[in-house]
Amino acid sequence: MATFRIGKVVLKSLFRKPATLMYPVVPREWQERTRGQIGIRTEDCIVCGICAKKCPANAITVDRNARTWTIERMQCIQCNCCVEVCPKTCLTMENQYTEPGPEKVVDTFEIPKQDKTTLNKEKDGGEADSGELTCNLDDCIYCGLCSKNCPCEALTVDRKEKVWKVDTDACVSCGVCVEKCPKKCLSLGGKAEASQSEEKAEKKEAKKEAEAEKEPTYSCPEDEEGLRCKTSDCIYCGICSKACPVDALTIDRKEKVWKVDKETCVTCEACVNQCPKNCLEII
């Protein structure tokens, strides 16, 4: 019985074409896909390397010294991450499928060298500015976010020493640090920021001069002995009241009131030594 079954299968197979081949044998045509392969406009690329760092498949290699941009086509997973993070929007997803084959498909593009004066042109056709990165140090808090996000490691920030430096040779004017700055004190071009910084410094200096010209005010007359406060300099922080061992001081920050109970005060100078503004004195 089993012999008849096997014979039946053999006879059917003799008159059928193999299922592993397509007849007639013709080259397969790959259809266009919504996501095909990555394209690049080399004239806009600044060789920053952000696309290579964000690529989850490590399919992109950027060589800044040789100014080349390389992609392994079959390693690319068409996730579109590189297109989304490119600061110059020079990467695109093209409807062209890379045909699979036994050989590795690697495309290398040479990036032409650009002048920094042309890197920061406005999209509406405006004039290009200097393209150099500048920082308004009056507003900078030295948080280091610009340095951490710089793809070229062109920034050095020392919060302790209040130092911010940029390596102009390494900087590619990609603008990532400008976007990440929480205080918006970075700019490419810097002319407007510099003028704002100078104007702000002049206002601060004028304010200091105006305060210096004002006559100081005190909590009691000069001929009255004991503890007195220069109320024109007092910030009503309350440190003196906390440092007083006999609770002789009363501070009301909201009402801007500073009082001393001279009968209770023992003139120990504990408040005088603790005052951060040095506005207390004993006559």
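Checking ILE239, ILE235 one by one, the residue that is more than 22 Å from THR264 (Cα to Cα), modelled with pLDDT of 90 or more and of a type in the set (A, V, I, L, M) is ILE235 and no other. Reported count of residues in segment 152-183, each being at positive phi and in contact (Cβ under 8 Å) with a residue 40 or more places away in the chain, is 2. For segment 45-73, the tally of residues that are loosely packed, with under 15 Cβ neighbours inside 10 Å and either outside any strand (DSSP E or B) or in contact with a helix residue (DSSP H, G or I) (Cβ under 7 Å, 6 or more places away or on another chain) (or both) stands at 6.
Note on segment 222-283: enclosed strands (runs of 3 or more DSSP E) holding 3 or more residues that are surrounded by 15 or more Cβ atoms within 10 Å (Cβ to Cβ) are 227-229.
The values are calculated or read from the model by the stated rules, or taken from the named source; none is laboratory data. Small disclaimer: the values here were computed from a predicted structure and weren't measured. Neighbour counts run over all protein chains shown; Cβ positions are idealised from the backbone, glycine included.
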